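S.K.: One structure, as structure tokens, below. Some questions next.
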Amino acid sequence: MRYTEFTIEGRNAVLEAFRSKKTVDKLFVLERCQDAPVRTIIKEAKKADTVIHYVDKERLDKMSKTGHHQGVIAYTAAYEYAQVEDILVAAKEKNEPPFLFVLDEIEDPHNLGAIIRTANLAGAHGVIIPKRRAVGLTSTVAKTSAGAINYTPVAKVTNISKTIDELKEQGLWFVCADMDGTQMYSLDLKGPIALVIGNEGSGVSRLVKEKCDFVASIPMRGNIDSLNASVAAGVLAYEIVRQRIN
């Protein structure tokens, strides 16, 4: 299901977005604003487990496209999120071992869109992203995915580490990309597997890296030491594809 709105401004419009069960990724509220309508919006946001940011008027004014934000701006998802279970069901329906992408705080919408596109072309069954400190399914992500967002489910979870633990109980193995890992060609990446890609600047977080079964490095022959996150995702994904078809 596609959502037509992305930015919603004004108290009535934002409240209606929550009450109509739209997926609101982030809510921006004028700091120290505590009147009844705003308190009601905040209450609805907490019920929906939406990330809330309290910001000053200057920032809201800069974010506003209408000039009439009334102290609240909401960012809704351009597309509806799936559940992690939906991704596993998709693999089961295809009679294939699950192949997932898990993204640890990817912030650039162009990277997220490109990774979703790669996930689709590599035959992955879905993508998992965190609720906080990461970009959601924005219109830029949708455009950059070149249509892949219509076919590859994306699930948003509160805690990546907890989700990894839950998926391990269902038989998945986890491989993350890191310069200090074992060269990817030396790893057995067949079977039910999830590819973990880290933040553009800091990489995979320590806690998430510790939960991975494999740490894979990509051979580097040039003068710089790292690949763009979406490019690294593509390189590792296709090593997984190679092993799955051999």
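S.K.: Expressed as a whole percent, how much of the Cα-Cα distance distribution for region 79-133 exceeds 13 Å?
M.R.: Pairs farther apart than 13 Å: 61 percent.
S.K.: Set the Förster distance to 35 Å, then compute FRET efficiency between residue 65 and residue 159 from the Cβ-Cβ distance, nearest 0.05.
M.R.: 0.60
S.K.: If contacts are Cα pairs under 8 angstrom and at least 6 residues apart, what is the relative contact order of region 97-217 in percent?
M.R.: The value is 32 percent.
S.K.: What figure in square angstrom, to the nearest 10, would you give for the accessible area of residue 186 with a 1.4 Å probe?
M.R.: Rounded to the nearest 10, that gives 90 Å².
S.K.: Further question: What is the P(r) of region 178-239, as percent of Cα-Cα pairs per 10 Å bin from 0?
M.R.: Per 10 Å bin, starting at zero, the Cα-Cα P(r) for region 178-239 comes out as 19, 61, 19, 1 percent.
S.K.: May I ask you to give the percent of accessible area on the chain that is carbon plus sulfur, with a probe radius of 1.4 Å?
M.R.: Carbon with sulfur: 48 percent of the solvent-accessible area.
S.K.: Still on this model: I'd like to know which of 204, 110, 176 lies farthest towards the positive end of the charge dipole of the chain, counting +1 on Cβ of Lys and Arg and -1 on Cβ of Asp and Glu.
M.R.: 110
S.K.: Given the convex hull over the Cα atoms of region 77-198, what projected area results after averaging over all orientations, in nm²?
M.R.: Here the figure is 7.3 nm², rounded to one decimal.
S.K.: How many percent of DSSP beta bridges within region 149-246 run antiparallel, rounded to 5?
M.R.: 10 percent
S.K.: OK, next. So what is the relative contact order for the chain, in percent, with contacts set as C-alpha pairs under 8 Å and at least six apart?
M.R.: Reported as a whole number, the value is 18 percent.
S.K.: Another question, if that's okay. So in the chain, what percent of DSSP beta bridges are antiparallel if you round to the nearest 5?
M.R.: 25 percent
S.K.: Please list, or write none, the lysines whose alpha carbon is within less than 24 Å of the alpha carbon of residue 209, excluding same-chain residues fewer than 8 places away.
M.R.: 131, 156, 162, 168, 190
S.K.: Here's something else I'd like to know. In whole angstrom, note down how far apart the Cα centers of region 83-144 and region 193-232 are.
M.R.: Distance between centres, Cα-based: 16 Å.
S.K.: Using alpha-carbon pairs under 8 Å, 6+ residues apart, how would you state the relative contact order of region 61-146 in percent?
M.R.: 34 percent
S.K.: How much solvent-accessible surface does residue 179 expose, in Å² to the nearest 10, with a 1.4 Å probe and all protein chains in place?
M.R.: 120 Å²
S.K.: For region 98-105, what does the Karplus curve 6.51 cos²θ - 1.76 cosθ + 1.60, with θ = phi - 60°, yield as ³J(HN,Hα) per residue in whole Hz, taken in order and with x for Gly and Pro?
M.R.: Working through the residues one at a time gives x, 9, 10, 10, 10, 10, 9, 6 Hz.
S.K.: State the cysteines of the chain left without a partner when partners are defined as other cysteines whose beta carbon lies under 4.7 Å away.
M.R.: Cys with no partner Cβ under 4.7 Å: 33.
S.K.: While we're here: With all protein chains present and a 1.4 Å probe, how do 81, 185, 151, 75 order by accessible area, largest first?
M.R.: From most exposed to least exposed: 151, 185, 75, 81.
The values are calculated or read from the model by the stated rules, or taken from the named source; none is laboratory data. Nothing here was measured: the structure is a model prediction, and the numbers come from that model. We place every Cβ from the backbone using ideal geometry, glycine too, and count neighbours over all the protein chains shown. Surface areas here come from the heavy atoms of the whole protein model, side chains and all, with no ligands, DNA or RNA. Shrake-Rupley method; radii C 1.70, N 1.55, O 1.52, S 1.80 Å.
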